[in-house]
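These notes are about the structure you will find just below.
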Amino acid sequence: APLAGSAAAFAPTPASRVASTTAVSETVSDLEELAGKLNPIVKFYDPLNLSGQNFWGKSEEETIGFLREAEVKHGRIAMFAF
């Protein structure tokens, strides 16, 4: 009986998980302003105009969010590789 009680401490609880999402709605003009503040020499640099595209029929803000998430993910993979 004592083992059964201690094993219950390690069992997952059926608590509901609340997904936290941070809505970041940025447009190209917001990116240009931010880039000017972060790097006044280069400013905004988007030679392929990816920030102005609409991937998969989504809005421009969703495309920018996707690109940010992809950049972070690939940056972490690159850091892990070294």
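Among the residues of region 28-41, those identified as assigned to a helix (DSSP H, G or I) and open to solvent by less than 80 Å² (accessible area, probe 1.4 Å) are V28, S29, D30, L31, L34, A35, G36.
Look at region 34-61 and say how many of its residues are of a type in the set (D, E, K, R) and modelled with pLDDT under 90. If you could, list the steps in order and put the result at the bottom.
Just the residues of region 34-61 that are of a type in the set (D, E, K, R), to begin with: 37, 43, 46, 58, 60-61.
With the extra rule that they be modelled with pLDDT under 90, the set shrinks to 58, 60-61.
Of the residues in that region, 3 qualify.
Cβ-Cβ contacts under 7 Å between residues 6 or more apart (or on different chains), taken from a first residue in region 59-82 that is within 18 Å of D30 (Cβ to Cβ) and in contact (Cβ under 8 Å) with a residue 12 or more places away in the chain to a second residue that is of a type in the set (D, E) and not in a helix (DSSP H, G or I), are listed as E61/E26; I64/E26.
When the residues of region 42-77 are filtered to those that are loosely packed, with under 10 Cβ neighbours inside 10 Å and more than 16 Å from the chain's Cα centre (by Cα), the one that is nearest to E32 (Cα to Cα) is Y45.
The values are calculated or read from the model by the stated rules, or taken from the named source; none is laboratory data. Values in this document were obtained by computation on a predicted structure and should not be read as measured data. Because the Cβ atoms are built from the backbone with ideal geometry, glycine has one as well, and the counts that use them run over all protein chains shown. Ligands, DNA and RNA are stripped out before the accessible areas are found, and what is left, the full protein with its side chains, is counted by its heavy atoms. Shrake-Rupley method; radii C 1.70, N 1.55, O 1.52, S 1.80 Å.
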